[in-house]
1. Being acidic (Asp, Glu) and touching a residue at least 12 places away in the same chain (Cβ under 8 Å) is true for just one of 57, 89. Which residue is that?
2. Based on what the data block shows, is residue 43 polar (S, T, N, Q) and touching a helix residue (DSSP H, G or I) at 6+ places or on another chain (Cβ under 9 Å)?
3. Against the condition without any contact (Cβ under 8 Å) to a residue 60 or more places away in the chain, within 22 Å of residue 98 (Cα to Cα) and within 17 Å of the chain's Cα centre (by Cα), how does residue 33 come out, does it pass?
4. In segment 60-85, which residues are at pLDDT below 95 and hydrophobic (A, V, I, L, M, F, W, C)?
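The values are calculated or read from the model by the stated rules, or taken from the named source; none is laboratory data. Just so it is clear, the model here is predicted, and its values are computed rather than measured. Quick reminder, even Gly has a Cβ in these numbers, built from the backbone with ideal geometry, and neighbours come from all protein chains shown.
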Amino acid sequence: MKDLHREMFGDVWIWAGEFRHSDKSIGVDWRIISVEIKKLLDNCYYWLGNKTFSEEEIAIRLSHGLVKIHPFVNGNGRHSRLIADIMMEKVFYKDIFSWGKLDLEAMNDERSRYLAALRKADEGDYNYLLTFAEGQ
């Protein structure tokens, strides 16, 4: 599996797929990352089974939950957006999100809008993040 990660992420991400082993300024305590991911996935399973939210909002809530847990040293946003896109395409058979159509890793207006939308989602308002993801 390590060779696959190296091929997919390059040598910079040799640790790809491994949870962080220390606390950061954001994210849950590193010792409970796997517990929090299990809870998030259980919630997602419930949302799917009970049609609690629209399909788009379920994917957005999953993405946001992963960012909030912050399981990795780096690449959490990229990982969470990829998971949301996979869910849209492979589970719901819909087009993937545009995510603002620009580089969200560089500090620019799009990244600022994305971070602001994440903060709104932290407060329970997912409308901004859903609007951003849909490219509006």
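1. On the way: 89 fails: touching a residue at least 12 places away in the same chain (Cβ under 8 Å).
After applying the criteria, what remains is 57.
2. Working: polar (S, T, N, Q): yes; touching a helix residue (DSSP H, G or I) at 6+ places or on another chain (Cβ under 9 Å): yes.
Considered against the rule, which asks whether it is polar (S, T, N, Q) and touching a helix residue (DSSP H, G or I) at 6+ places or on another chain (Cβ under 9 Å), residue 43 comes out as yes.
3. Working: without any contact (Cβ under 8 Å) to a residue 60 or more places away in the chain: yes; within 22 Å of residue 98 (Cα to Cα): no; within 17 Å of the chain's Cα centre (by Cα): yes.
No; evaluated as a whole, the condition is false for this residue.
4. Within segment 60-85, 72, 73, 82 qualify.
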